[in-house]
1. Write down Rg/Rh for segment 2-285, rounded to two decimals, with Rg from the C-alpha atoms and Rh from the Kirkwood relation over Cα pairs.
2. In the structure displayed, which of Lys109/Lys261; Lys155/Lys487; Lys109/Lys468; Lys119/Lys261; Lys182/Lys468; Lys155/Lys274 lie more than 31 Å apart, Cα to Cα?
3. Around Leu174, under 14 Å between beta carbons, what's the net of Lys plus Arg minus Asp minus Glu among the other residues?
4. No solvent, one uniform scatterer per C-alpha: report log10 I(q)/I(0) for the chain via the Debye equation at q = 0.11 1/Å, two decimals.
5. Nearest 20 debye, what's the magnitude of the dipole of the chain about its Cα centre given +1 on Lys and Arg Cβ and -1 on Asp and Glu Cβ?
6. Compute the semi-axes of the equivalent ellipsoid of segment 414-459, taking the square root of 5 times each eigenvalue of the Cα gyration tensor, and list them largest first in whole Å.
7. Looking at segment 182-275, which trypsin sites (Lys or Arg not before Pro) are DSSP coil and have at most 16 other C-beta atoms within 10 Å of their C-beta?
8. Counting each DSSP H run of 4 or more residues in the chain as -39500 (n - 2.57), what helix-only mean residue ellipticity at 222 nm follows after dividing by all residues, to the nearest 500 deg cm²/dmol?
Amino acid sequence: YVAAVYEHESILSPNPTALVDRRAALALMARNLDIYEQQVAVAAGQGAQIIVFPEDGIHGFNFTRTSIYPYLDLFLPGHSVEWNPCREPRLFNDTEVLQRLSCMALKNKIFLVANLGTKQPCEHVDPHCPSDGRYQFNTNVVFDDDGALVATYRKHNLYFEDAFDTPPEADYVLFDTPFAGKFGVFTCFDILFFEPAVNLVRQYNVKQVVYPTAWMNQLPLLSAVEFQQAFATAFNINILAANIHHPALGMTGSGIYTPVKSFIYHNMQSSGGKLIVAEIPVITPDYKTSLESSKILGENLYHSYSMFKSASMDDQVCYKEGQEVPCRVAQSEESSAPFYAEMMYDNFTFVPVQEDKGELKVCANTLCCYLRYQRAASTHELYALGAFDGLHTVHGTYYVQACALVKCGSPHFSSCGQEVTAAAALMDFQLWANVSTPYVFPLLLTSGVTLDFADHMGWKNNHYFISKNGTSSGLLTAALYGRWYEKD
């Protein structure tokens, strides 16, 4: 099928905390919707059957609970209300934005996914009802190619969004298409949590996901395109991800991802929006994910892990040629002394990668990371292998087990973990770790914030591994990002 995502440079309110009336709010949103309208027509002209727009693209961000109110449309649950806003515009009040989006879908005969703010009155007998008597939700809506509202999703994991409420329970939202079967829906920060994103994909066997986001890039492990691809790869699904474009705020990075190919846009230099249109294969529900094929391993992980831990961990693990099975290396090849540096606001334990080839090991808590590497040619860049096993507590609280080979910011150890966007070293590597969670996201980022795909990845002997012979350009990050959801 042919999919489109639009990275939108939204026209923002010059003063989002100021109180305005509905008319002024609609006038600002109309300017963004005018751009949406043009892009829908262009995408449809290129054969797109579905288009996804970013989070906060219509109204912007940094509102207070009160100042966003005039920007909110009425919340309507997509699965229980049969309504075509373009054909029946007078059915509900305060639905001007929904009507315009519906008409774009109808006019261009395209499925359309967009994000807007919605309001829902509630009674004080509802224990969750806010004191002002209404819910305010960060909402994704989906219209079919006839303009009917077919799905509504309320964001569950809010990221410093004082204007919005968390819904009383997580939404699991699916919608059906004639061209690719069912799609799942979630938003931005949701991608880092079990509910509802991972549970939706696992429980409902979802193979295509639409993903509006307003993501601030954080290198080296959480740039938008890097994690979007890792999620698609880990679950063997297609993801249609639309990010907002505000480079001054670190926001860019959209793409259409399949498990084996990505069509991406990451641009921190220029302004303006970007439409991506790509033809991708439908993934059928019987297509096994790398997580599913390792499900048995995952379930046996805790048991075998404790047995493995009791075995001697002093000697290093390596790979014999042609074998993807850990073997033992002589003690003499132990890695250099570890050092500590902050990466992603977490205190990583690092060992320097100083030779042109070698084998290294670094541990943190119960996590041990192993690297076998060879540089194609000598560069004077410092790389380091880092491990973190603990609760991440800045800009969100969640438990991470991460093994990361990263390019450092300078020749000084203290620069390891800094945000770096250029690298020259081409590297062959095998990276593996005794992660305690079955949920591992393989990250592979190259110079200029471009993506590469691993040659092999998966479980072997209770270790998750990723291997690559020759990155396409200089290596920025190769990492195993494990999320231990139970310990959040």
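Every number here is computed from the coordinates shown, using simple stated rules; none is lab data. The shown structure was predicted, so the numbers you read here are calculated from the model rather than taken from an experiment. Virtual Cβ from ideal backbone geometry, glycine too; neighbours counted across all protein chains shown.
1. We get a ratio of 0.93 for segment 2-285.
2. Those over the limit are Lys109/Lys468; Lys119/Lys261; Lys182/Lys468.
3. 0
4. Taking Cα atoms of the chain as identical point scatterers yields -0.90.
5. Its charge dipole is roughly 500 debye.
6. Equivalent-ellipsoid dimensions as semi-axes: 22, 15, 11 Å.
7. Lys261
8. Result for the chain, helices only: -4500 deg cm²/dmol.
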